[in-house]
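Asks: Here it is: the structure, laid out below.
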There are 2 protein chains.
Amino acid sequence: MMNQLIDKIKKQNSPIVVGLDPKLNFVPSFIKEKAFKAYGKTNEGVAEAFYQFNKDIIDHIYDEVPAVKPQIAMYEQYGIEGIIAYQKTVNYAKEKGLVVIGDIKRGDISSTAEAYAIGHLGQSNIEGNKERAFKNDFITINPYMGYDTIKPFLDVCKEESKGLFILVKTSNPSSGDFQDLKVGDNYLYEQVAMKVDEWGREHMGQDYSYVGAVVGATYPEVGKKLRKLMPKTYFLVPGYGAQGGKAEDMANYFNEDGLGAIINSSRGVIAAYQKDSYQQFKEEDFALASRQAVLDMKKDLSNAL
Amino acid sequence: MMNQLIDKIKKQNSPIVVGLDPKLNFVPSFIKEKAFKAYGKTNEGVAEAFYQFNKDIIDHIYDEVPAVKPQIAMYEQYGIEGIIAYQKTVNYAKEKGLVVIGDIKRGDISSTAEAYAIGHLGQSNIEGNKERAFKNDFITINPYMGYDTIKPFLDVCKEESKGLFILVKTSNPSSGDFQDLKVGDNYLYEQVAMKVDEWGREHMGQDYSYVGAVVGATYPEVGKKLRKLMPKTYFLVPGYGAQGGKAEDMANYFNEDGLGAIINSSRGVIAAYQKDSYQQFKEEDFALASRQAVLDMKKDLSNAL
């Protein structure tokens, strides 16, 4: 799956993933009104609104980006109905040929990690009958609990040709609370990075391993350092745009082959129509604004790299 | 909610939480057969089997333990239908007066953490209409991303009188990979513990804060050290029994007031009927075996404390 993601990035010249992280106030009123009319101001109504919103955005960006990254929390917040909208979004994106990175940040002891791995990347075996729950190609996971909580994910990835992005240095302001603690001569995030690199070398695709790392766009100097420390690791880079990550800094996250990173934008793309810079788009044309934001991001990154 | 949990622990003299972490091979055949007959060997069939299994166990233990801890991964593995069984289990346990600790180990940047907090502890606001998704009293969360990813959970807990257990030192064999790294004079888990203690002091119930810590039963010396380091923090202690934690070591996790910890047993209780030591129970009486396992655990802990 990492090979497939890289092929798509090359073909489209687009190291971009769009975060499908809907909030109610991102969704145009005409979509909300229709959904609420059908299902009320309920979790079901929100779920329907989110799905229609995502679908229209996917229809307008699928030929310009290789991947989308739905953030499951935004859906989980609205209970079962919300999670159904997550699942439908994953399936619809797959139908349109997109690579799907489920941003789920799970992590637990081995037997439990195995359950998450099966549910989000693999298939369960019910006395011989196989079932797939969530059809992500990649998921994000949390390393705090150590290797035996990572291994079940590695095993399922190997079996299913799927991949991971493991949290190394996250984009949020307090990411340093623990990640930046000094462990001997290194920072904790470097210690995690070295482990991710090590696990990755045993799980190689063609040029890159299918064990990626999450490295926030908001700490470009760290990005540069980590790029050297883990040359075979693909970076998923959140925090571009709305969170403060700038195009000119993104070169830090790439290798000399022009590969090695995929930059995420969520709000900047999916809520583009609400920004002053895209006020030429009417609310009904919100998905065209999203498409324009993707094209602009491609240009900005291309200039910067 | 922490006060309520402590009251129940005192009244029942039972510092025990039962982990409702079903696996298909824990469920007695007569329950599976009935569920598969109605719904096939599908996710829906498993979900029905899990719910009936849990319900019978809850009916037989609710008067002897203060709390249950369903592990959401075991349900999420079976997709939407599985998560519905999780939700029904939470609701049923609440109906029977149990405190519910949702073992979800979530964690993400602030706006995303807020969504998880709302979905699992709070209520969403859909243009004025309030909805609750999952009615947990407590949840477990992961600290790797730092304070701004914890704060949204603290805020919702304050508003809703609910609580948290934050991962400090986990029970699994590789928990030391990162948690045991030396940070200056301390281990990383101590650094996390000091932060949890600090956050907790701003969120006090009566004698204990409602910001608890997960501290594994498999490292009793660490338990002892952390007990001193964070006197106002309640410990959720997984790893008793099947994972190797022994009754005689459990005193390390308690304060002199006889409080401060709640010990989790999952497999040892819910699959007790499969153990040699409970072979007097027939498969149909699996829930009676679970009740007996709880009574035995109460006695063992009472002797050890």
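Asks: Give all pairs with beta carbons closer than 6 Å in which a residue from region B:135-150 that is under 12 Å from B:Gly212 (Cβ atoms) meets a residue that is open to solvent by 10 Å² or more (accessible area, probe 1.4 Å) and basic (Lys, Arg); count only pairs at least 6 apart in sequence or on separate chains.
Replies: B:Asp137/B:Lys162; B:Thr140/B:Lys105
Asks: Right, A:Val183: within 10 Å of chain B (Cβ to nearest Cβ), of a type in the set (A, V, I, L, M) and open to solvent by less than 30 Å² (accessible area, probe 1.4 Å) or not?
Replies: Here the answer is yes, as A:Val183 does meet what is asked.
Asks: Just a yes or no: is a residue in region A:75-92 free of Cβ contacts under 8 Å to residues at least 60 places away in the same chain, surrounded by fewer than 17 Cβ atoms within 10 Å (Cβ to Cβ) and under 18 Å from the mean Cα position of the chain (by Cα)?
Replies: Yes, because at least one residue in region A:75-92 is free of Cβ contacts under 8 Å to residues at least 60 places away in the same chain, surrounded by fewer than 17 Cβ atoms within 10 Å (Cβ to Cβ) and under 18 Å from the mean Cα position of the chain (by Cα).
Asks: Report, ordered by the first and then the second residue, all pairs with beta carbons closer than 7 Å, sequence separation of six or more or different chains, a first member in region A:291-302 that is charged (D, E, K, R), and a second member that is outside any helix (DSSP H, G or I) and crowded, with 22+ Cβ neighbours inside 10 Å.
Replies: Sorted first by the residue in region A:291-302, then by its partner, the pairs are A:Lys298/A:Ser14; A:Lys298/A:Ile16.
Asks: Residue by residue through region A:93-105, note down the ones that are open to solvent by 10 Å² or more (accessible area, probe 1.4 Å) and more than 16 Å from B:Ala117 (Cα to Cα).
Replies: Matches in region A:93-105: A:Lys94, A:Glu95, A:Lys96, A:Gly97.
Asks: Might you let me know whether region B:31-53 holds any residue that is buried (at least 20 other Cβ atoms within 10 Å of the Cβ), more than 16 Å from the chain's Cα centre (by Cα) and not in a helix (DSSP H, G or I)?
Replies: Among the residues of region B:31-53, not one is buried (at least 20 other Cβ atoms within 10 Å of the Cβ), more than 16 Å from the chain's Cα centre (by Cα) and not in a helix (DSSP H, G or I), which makes the answer no.
Asks: Is it fair to say B:Asp207 is more than 7 Å from chain A (Cβ to nearest Cβ), closer than 21 Å to B:Pro231 by Cβ and assigned to a loop (DSSP other than H, G, I, E, B)?
Replies: yes
One line per residue, one yes/no per condition, for (1) buried (at least 24 other Cβ atoms within 10 Å of the Cβ); (2) polar (S, T, N, Q):
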{"residue": "B:Ala113", "(1), (2)": "yes, no"}
{"residue": "B:Thr149", "(1), (2)": "yes, yes"}
{"residue": "B:Leu154", "(1), (2)": "no, no"}
{"residue": "B:Glu160", "(1), (2)": "no, no"}
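Asks: Something else now. Given the criteria within 19 Å of B:Glu127 (Cα to Cα) and acidic (Asp, Glu), does A:Glu95 qualify?
Replies: Here the answer is no, as A:Glu95 does not meet what is asked.
Asks: Here's a follow-up. Which condition number does A:Asp7 fail, the rest of (1) free of Cβ contacts under 8 Å to residues at least 40 places away in the same chain; (2) assigned to a helix (DSSP H, G or I); (3) within 14 Å of another protein chain (Cβ to nearest Cβ) being met?
Replies: Against the list (1) free of Cβ contacts under 8 Å to residues at least 40 places away in the same chain; (2) assigned to a helix (DSSP H, G or I); (3) within 14 Å of another protein chain (Cβ to nearest Cβ), A:Asp7 comes up short only on (3).
Asks: I would also like to ask the following. Would you pick out the residues in region B:158-180 that are within 12 Å of chain A (Cβ to nearest Cβ) and touching a strand residue (DSSP E or B) at 6+ places or on another chain (Cβ under 8 Å)?
Replies: B:Ile166, B:Leu167, B:Val168, B:Lys169, B:Thr170, B:Ser171, B:Ser175, B:Gln179, B:Asp180
Asks: Kindly provide the set of residues from region B:8-30 that are crowded, with 19+ Cβ neighbours inside 10 Å and polar (S, T, N, Q), ordered by number.
Replies: The answer is B:Ser14, and nothing else.
Asks: Now for a separate question. Take the residues in region A:115-133 that are within 26 Å of B:Ala115 (Cβ to Cβ) and facing chain B (nearest Cβ under 7 Å), then tell me which one is surrounded by the most Cβ atoms within 10 Å (Cβ to Cβ).
Replies: This residue is A:Gly119.
Asks: Additional query: What residue, of A:Lys41, A:Lys23, A:Lys34, is at the interface with another protein chain (Cβ under 10 Å from one of its Cβ atoms), closer than 22 Å to A:Lys282 by Cβ and at pLDDT 95 or above?
Replies: A:Lys23
Asks: Given the conditions (1) closer than 25 Å to B:Lys23 by Cα; (2) facing another protein chain (nearest Cβ under 8 Å); (3) of a type in the set (Ser, Thr, Tyr), which single one is not true for B:Ser110?
Replies: Result: B:Ser110 fails condition (1) only.
The values are calculated or read from the model by the stated rules, or taken from the named source; none is laboratory data. In this text, all values refer to a predicted model and were calculated from it rather than measured experimentally. Backbone-built Cβ (ideal geometry, glycine too); neighbour counts: all protein chains shown. Surface areas here come from the heavy atoms of the whole protein model, side chains and all, with no ligands, DNA or RNA. Shrake-Rupley method; radii C 1.70, N 1.55, O 1.52, S 1.80 Å.
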